[in-house]
1. Please work out how much length the chain gains when fully extended from Ser82 to Glu65, using 0.36 nm per residue of separation minus the C-alpha to C-alpha distance, in nm with one decimal.
2. Rounded to two decimals, what is Rg over Rh for region 23-86 when you use alpha-carbon atoms and the Kirkwood radius?
3. Can you give the local net charge around Val50? Use residues other than it whose beta-carbon is closer than 14 angstrom to its beta-carbon, Lys and Arg +1, Asp and Glu -1.
4. Compute the whole-percent fraction of alpha carbon pairs in region 89-132 spaced more than 12 Å apart.
5. If the chain between Asp105 and Val29 were fully stretched, how many nm would it gain, using 0.36 nm times the residue separation less the Cα-Cα distance?
6. Any idea how far apart Leu40 and Thr17 come out in nm if each label point goes 7 Å out from Cα toward Cβ?
7. Taking the Cβ of Ala64 as the centre, find all other residues whose Cβ is under 14 Å away and add up their charges (Lys, Arg: +1; Asp, Glu: -1).
8. State the volume of the convex hull built on the alpha-carbon positions of region 23-132, expressed per residue in Å³ and rounded to an integer.
Amino acid sequence: MWQAARCAGGWILGSLTLSWYQVLVIAAVAVGFYVLELVLFLRVTRRLSVNETAHDRRFETMTAEIAALREENAALAADLASVRRVPQSSGQYREAVEMAEQGLDAADVAENCGISRAEADLVVALHRSRAT
């Protein structure tokens, strides 16, 4: 077991005697290590602070991009809803399609719907291609 005792010339630790100069050197070395550790800690802290600032900027940029994408998505959804509300074809052509589905020929479709013979031929041909 170590026992420390103070004497006129320094410290006595068991059978080890230290002078005041040696105690002072040991204390200075210990303080030096603590200062070195503090400097290293401050450097690491500063580096982490810089990284945190960069991450904060990236986070803010990504948040702004997400907000812009949400606005764009909402605008596209509104556009899609308005497109869905618009009738897909005029009444003449809807009636022409119905007549073609009933089996009427292009001449009858053109005469009854008030469309040209070429348009009636197209409607009848499209209906036949879908039916097969």
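1. On the way: separation 17, 0.36 × 17 = 6.12 nm, distance 2.57 nm.
3.6 nm is the gain from fully extending Ser82 to Glu65.
2. On the way: Rg = 27.5 Å, Rh = 16.6 Å.
Computed over Cα atoms, the ratio is 1.66.
3. Numbers: positive: Arg43, Arg46, Arg47, Arg57, Arg58; negative: Glu52, Asp56.
Once positives and negatives cancel, what remains is +3.
4. On the way: 453 of 946 pairs.
I get 48 percent for the Cα pairs in region 89-132 exceeding 12 Å.
5. Working: separation 76, 0.36 × 76 = 27.36 nm, distance 10.74 nm.
Once the chain is fully extended between Asp105 and Val29, it gains 16.6 nm.
6. The modelled label-to-label distance comes out at 3.7 nm.
7. Working: positive: Arg57, Arg58, Arg70; negative: Asp56, Glu60, Glu65, Glu71, Glu72.
Summing Lys/Arg as +1 and Asp/Glu as -1 gives -2.
8. Details: hull volume 18.7 nm³, N = 110.
With only Cα atoms used, region 23-132 gives 170 Å³ per residue.
Coordinate-derived values only; no laboratory data. For clarity, every value in this text was computed on a predicted model and none was experimentally measured. So basically every Cβ, Gly included, is an ideal-geometry build from the backbone, and we count neighbours across all protein chains shown.
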